[in-house]
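The values are calculated or read from the model by the stated rules, or taken from the named source; none is laboratory data. Everything numeric in this text was worked out from a predicted model, so none of it was measured. Quick reminder, even Gly has a Cβ in these numbers, built from the backbone with ideal geometry, and neighbours come from all protein chains shown. These accessible areas exclude ligands, DNA and RNA; they are computed on the full protein's heavy atoms, side chains included. Shrake-Rupley method; radii C 1.70, N 1.55, O 1.52, S 1.80 Å.
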Amino acid sequence: MPASAPSAHSASAPSPEAAPSASAPVTPDALDAGTYSALRTPRSASALALDGTWHQISPRWVASQFLQNGLFLALVIVVMLVMAFAFEQAWVWIPGGIVILFTLITLIILPRQAKATGYMLRADDIVFRRGILWQRMVAVPYGRLQLVDITHGPLDRAFGVSQLKMVTAAATTGVQIPGLTQPAAEALRDTLIEVAETRRTGL
């Protein structure tokens with residue numbers, strides 16, 4: 001009696017095990033200390049959405065920006081008064097008024113913008129988002145990071161906030177995250193450097 005043909009199961013080669021996928025890096029507790037508690041997102045059904053945990057910036061950044069813009073407005077007003085009364089240059093009221101108007105509009109919407117700013121640490125990249133009407137969402141792969149820099153001016157230091165800048169080989173994917181508390185900026189910098197080194201070496 002002829003031998004029966006081998007079944008499809010016995011003839012097929014054993015399937016290789018799937019390579020384990022990289023997991024998201026462990027997020028330090030400092031990232032969520034002293035920040036907003038809920039990210040402001042658009043209500044539209046077509047809004048961009050991601051699965052993960054969003055981390056936000058500090059409300060102290062808004063206070064710092066109010067003070068800096070307030071000092072700028074005071075300087076503009078002083079210049080306007082000097083030009084108008086000391087040098088009798090009446091035309092200065094028009095450009096000065098436009099600058100003051102745009103600065104005030106910026107300050108009005110600044111708290112809403114701050115609450116809509118956040119970042120997410122995923123398995124292979126960090127995602128930064130900002131904006132409600134005009135959304136910007138950028139994903140920076142860990143393996144492409146070339147520089148992680150922290151900057152803060154005198155007033156930022158007074159309010160305890162910093163700006164973290166990520167630089168890649170492509171200048172268009174560079175991201176600046178404002179309004180981080182100093183512990184959060186340092187913790188995020190260390191985490192990004194560690195994960196970037198791991199991704200580049202393929203571990």
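Where residues in the stretch 96-124 are outside any helix (DSSP H, G or I) and open to solvent by less than 20 Å² (accessible area, probe 1.4 Å), which of them is nearest to Ala196 (Cα to Cα)?
Leu121
Give me the pairs, please: first residue somewhere in the stretch 129-140 and under 17 Å from Thr168 (Cβ atoms) and at pLDDT 85 or above, second residue anywhere and assigned to a strand (DSSP E or B) and hydroxyl-bearing (Ser, Thr, Tyr), beta-carbon distance under 7 Å, and either six or more positions apart or on two chains.
Pairs that qualify, where the first residue is under 17 Å from Thr168 (Cβ atoms) and at pLDDT 85 or above and the partner is assigned to a strand (DSSP E or B) and hydroxyl-bearing (Ser, Thr, Tyr), are Val140/Thr168.
When only residues in the stretch 142-185 that are under 16 Å from Ile126 (Cβ atoms) and of a type in the set (D, E, K, R) count, which is most open to solvent (accessible area, probe 1.4 Å)?
Within the stretch 142-185, the match that is most open to solvent (accessible area, probe 1.4 Å) is Arg144.
Within the stretch 104-140, how many residues turn out to be within 18 Å of Pro59 (Cα to Cα), hydrophobic (A, V, I, L, M, F, W, C) and touching a Lys or Arg at 6+ places or on another chain (Cβ under 7 Å)?
The number of residues fulfilling the criteria is 2.
Evaluate the stretch 135-146: report whether one residue or more is in a helix (DSSP H, G or I), among the hydroxyl-bearing types (Ser, Thr, Tyr) and touching a Leu at 6+ places or on another chain (Cβ under 9 Å).
Looking for residues that are in a helix (DSSP H, G or I), among the hydroxyl-bearing types (Ser, Thr, Tyr) and touching a Leu at 6+ places or on another chain (Cβ under 9 Å), one finds at least one in the stretch 135-146, hence yes.
Does the stretch 42-52 contain any residue that is at pLDDT below 95, polar (S, T, N, Q) and either under 29 Å from Val161 (Cβ atoms) or part of a helix (DSSP H, G or I) (or both)?
Scanning the stretch 42-52, I find no residue that is at pLDDT below 95, polar (S, T, N, Q) and either under 29 Å from Val161 (Cβ atoms) or part of a helix (DSSP H, G or I) (or both), so the answer is no.
Just for the stretch 53-90: of the residues that are small (Gly, Ala, Ser) and surrounded by 14 or more Cβ atoms within 10 Å (Cβ to Cβ), which one is farthest from His152 (Cα to Cα)?
Taking the candidates together, the pick is Ala84.
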